[in-house]
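The values are calculated or read from the model by the stated rules, or taken from the named source; none is laboratory data. Because the structure is predicted, anything quoted here is derived from the model rather than measured. Using ideal geometry, Cβ is built from the backbone for each residue, glycine included, and neighbour counts are taken over all protein chains shown. These accessible areas exclude ligands, DNA and RNA; they are computed on the full protein's heavy atoms, side chains included. Shrake-Rupley method; radii C 1.70, N 1.55, O 1.52, S 1.80 Å.
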Amino acid sequence: MPAEPRLPPDKRFILLASRLWAWAFLGLMIAFFIIVVPLAGGATFLTLRNAMNILVAITPVLLLGLGQTFVIISAGIDLSVGWVMSLASVVSAHAIRASFNAGAPLFLAATLGFLAAVAASAGVGLVNGLIIAKLKVPAFIVTLGSSFIVRGMALLFSENTTVIGLPADIRDYGNESLFYVVNGEGGGFYAFFRPDVTGAMLRQMDRIFTWPVVITAIVVIICMFILNRTQFGRHTYAIGGNMQAALRTGIPVDRHIVKLYMLSSVTAGIAGFLSTLRFTAGSAVIGDPLLLSSIAAVIIGGVSLFGGAGSIMGTVIGALIIAVLTTGLVMMNVQAFWQFIVVGAVVIIAVLIDQSRDLVLGRRGRGS
């Protein structure tokens, strides 16, 4: 991230508050639900199983948000990621089913499904990036139009239905875990492989870090390294901070923008592939409701809509805030429309905080 000018104490306080508010809000929200959920007649909020369910719930939103983080830091936007996720889910399901029926081992079939998902999603990102970078069409218009095209492709390839017929064991890749905790009589036990338990002990078994959560954590670490430790990340901040200055310093802006939109689509493709493993089917609509949640996670996490500021960890916190908030409200039996209202209010607060930070730093937006 580029260095910031030295500020007077009052402005430094505002800047610090703008960076830490999401962490503080997440902690206060967890404490609130720990106290209030049991009083409202719900189960205990802070349990191992509930924590793991929250991590599973944020996986697709976070993957969509990771690539979106890079794009928004560069002062762009990608409205196609939800449908790219759906297309990747359909394509990977077809690839897994076809290769397994042709005699490929299960792991090879899953690998081919992953490659098909990444290739299809990267193709969408390539087209988006080329039109935005070379033809200078606004990213909002390009990705909005491509979202409709990709939606049609997903429905066409799925024949407007769910792609089924995948090998049943493929479900293990999407639902089994790194290790397990079984809470039985005598204190229970831990296992690194799925224990052979049935009945009451099966109901008491908790899955710790399912494979999609592990894969998402790996992608998060990779994205953090790219954004914070590589020239690619520095160029991303520079383009979002001031595109004209980036051009004058010799940064290949057009080529970089193409790579950004490819990255955004690829992380969405990974989300689609993992959803196929989790549900043992390819869905042409799986990513549709997740687009706005992913953008909300990025904004809540402190990525500036003007570009030039933001972090991967902020997006992680933003996704956690949304997941904890919706989970807690569900456990309190709050009706669904109130959940939307609360999340929307949090997004507006995040934008106001973002604007206060940009005012302190004197940012005016892209190309200023």
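Being within 23 Å of the chain's Cα centre (by Cα) and open to solvent by less than 20 Å² (accessible area, probe 1.4 Å) is the filter here; which residues of segment 165-183 pass it? Spell out the reasoning first.
To start, the set of residues in segment 165-183 that are within 23 Å of the chain's Cα centre (by Cα) comprises 170-178.
Those that are within 23 Å of the chain's Cα centre (by Cα) and open to solvent by less than 20 Å² (accessible area, probe 1.4 Å): 170, 174, 177.
Do we find a residue being over 14 Å from residue 254 (Cα atoms), of a type outside the set (A, V, I, L, M, F, W, C) and in contact with a His (Cβ under 9 Å, 6 or more places away or on another chain) anywhere in segment 105-113?
Yes: one or more hits.
In segment 136-152, what residues are open to solvent by less than 70 Å² (accessible area, probe 1.4 Å) and within 24 Å of the chain's Cα centre (by Cα)?
Filtering segment 136-152 down to residues open to solvent by less than 70 Å² (accessible area, probe 1.4 Å) leaves 137, 139, 142-147, 150, 152.
139, 142, 143, 144, 145, 146, 147, 150, 152 - these are the residues of segment 136-152 that are open to solvent by less than 70 Å² (accessible area, probe 1.4 Å) and within 24 Å of the chain's Cα centre (by Cα).
Could you please give the count of residues in segment 39-57 that are open to solvent by 60 Å² or more (accessible area, probe 1.4 Å) and over 17 Å from the mean Cα position of the chain (by Cα)? Working first, answer last.
Taking segment 39-57 and keeping what is open to solvent by 60 Å² or more (accessible area, probe 1.4 Å), we get 39, 41, 43-44, 46, 48-49, 53.
Those left that are additionally over 17 Å from the mean Cα position of the chain (by Cα): 39, 41, 43-44, 46, 48-49.
Residues flagged as open to solvent by 60 Å² or more (accessible area, probe 1.4 Å) and over 17 Å from the mean Cα position of the chain (by Cα) within segment 39-57 amount to 7.
Take segment 306-358 and flag every residue that is surrounded by fewer than 16 Cβ atoms within 10 Å (Cβ to Cβ), out of contact with any helix residue (DSSP H, G or I) (no Cβ under 8 Å at 6 or more places or on another chain) and closer than 19 Å to residue 19 by Cβ.
348, 349, 352, 355
For segment 101-135, give me each residue that is open to solvent by 40 Å² or more (accessible area, probe 1.4 Å) and farther than 16 Å from residue 273 by Cα.
101, 102, 103, 105, 126, 127, 130, 131, 134, 135
Could you say whether any residue in segment 37-54 is in contact (Cβ under 8 Å) with a residue 40 or more places away in the chain, aromatic (Phe, Trp, Tyr) and assigned to a loop (DSSP other than H, G, I, E, B)?
For segment 37-54, residues in contact (Cβ under 8 Å) with a residue 40 or more places away in the chain, aromatic (Phe, Trp, Tyr) and assigned to a loop (DSSP other than H, G, I, E, B): present.
So which residues in segment 196-209 are at pLDDT 75 or above and either open to solvent by 20 Å² or more (accessible area, probe 1.4 Å) or in a helix (DSSP H, G or I) (or both), if there are any at all?
204, 207, 209
Could you grab me the full set of residues in segment 241-255 that are surrounded by fewer than 19 Cβ atoms within 10 Å (Cβ to Cβ) and of a type outside the set (A, V, I, L, M)?
244, 248, 249, 250, 252, 254, 255
For segment 75-103, what are the residues that are in contact with a helix residue (DSSP H, G or I) (Cβ under 7 Å, 6 or more places away or on another chain), more than 22 Å from residue 160 (Cβ to Cβ) and without any contact (Cβ under 8 Å) to a residue 40 or more places away in the chain?
99
Could you list all residues from segment 257-300 that are buried (at least 24 other Cβ atoms within 10 Å of the Cβ), polar (S, T, N, Q) and modelled with pLDDT under 95?
Of everything in segment 257-300, just one residue is buried (at least 24 other Cβ atoms within 10 Å of the Cβ), polar (S, T, N, Q) and modelled with pLDDT under 95, namely 294.
Given the conditions (1) touching a Phe, Trp or Tyr at 6+ places or on another chain (Cβ under 7 Å); (2) open to solvent by 60 Å² or more (accessible area, probe 1.4 Å); (3) of a type outside the set (S, T, N, Q), and given that residue 16 satisfies all but one, which numbered condition is not satisfied?
Result: residue 16 fails condition (1) only.
Taking the conditions exactly as written (under 25 Å from residue 87 (Cα atoms) and surrounded by 23 or more Cβ atoms within 10 Å (Cβ to Cβ)), does residue 303 satisfy them or not?
Numbers: under 25 Å from residue 87 (Cα atoms): no; surrounded by 23 or more Cβ atoms within 10 Å (Cβ to Cβ): yes.
Taking the combined requirement at face value, the residue does not satisfy it.
Which of the residues that make up segment 133-160 are without any contact (Cβ under 8 Å) to a residue 60 or more places away in the chain, farther than 26 Å from residue 255 by Cα and part of a loop (DSSP other than H, G, I, E, B)?
159
Here's a check for you: in segment 210-229, which residue that is open to solvent by 60 Å² or more (accessible area, probe 1.4 Å) and free of Cβ contacts under 8 Å to residues at least 12 places away in the same chain is nearest to residue 60 (Cα to Cα)?
My answer is 218.
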